[in-house]
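Just so it is clear, none of the values below were taken in a lab; they were calculated from the coordinates. Bear in mind that the values here come from a model prediction, so they are computed numbers and not experimental data. Note that each Cβ is placed from the backbone with ideal geometry, even for glycine, and that neighbours are counted across all protein chains shown.
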């Protein structure tokens, strides 16, 4: 029986230099993984394939999606086709796309929950409280974090920037191996991980 081709959907992101590639099958069993250079990509057959393109500066692998960041603004009609081919090659090898040894080095959910709670209570919420807002931790799954924005943050047009520049940056500073940070608040954009592509938020 002929094997069905792997379907990949490419979605260029608002940043312009980031594209999300979504597959119909899981890429990793749990957690999310960021690779910021070729040396780090040795821990992932998928990231290694994508870093074979000189323009790639970051690869972020989540459950069934991979976010690829490139230098400068990209023509995703051209890059998307190339990257889709590389993703298919990696998935088609039938090997784990992320080294199991790397997965074993992730901090525990309990450790992540404790640290994220501290960051929210002592760094983030005192800042957003002046606008009547609050950000709460809902869940931790492997190294992925789920938060909810309430009060003055809910429905706020600047909420995306608030989360990227505040929560994401503060949490990642304390836990470098944190995976995706998901905002479960309904901003009409669906459940998407907020992450900071290289050079986009400082």
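Length gained on full extension, residue 25 to residue 9, computed as 0.36 nm times the residue gap minus the Cα-Cα distance: 4.6 nm. Where Rh is the Kirkwood radius over the Cα pairs of segment 17-61, the temperature 4 °C and the viscosity 1.567 mPa s, what D in µm²/s does Stokes-Einstein return? The calculation lands on 116 µm²/s.
Cβ-to-Cβ counts within 10 Å put 178, 6, 103 in ascending order as 6, 103, 178, the fewest first. Placing pseudo-labels 7 Å out from each Cα toward the beta carbon at residue 73 and residue 110 gives an inter-label distance of 5.1 nm. Using only alpha carbons, segment 8-103 has a radius of gyration to Kirkwood radius ratio (Rg to Rh) of 0.92. Taking each residue as 0.36 nm, the span from residue 136 to residue 117 lengthens on full extension beyond its C-alpha to C-alpha distance by 6.0 nm.
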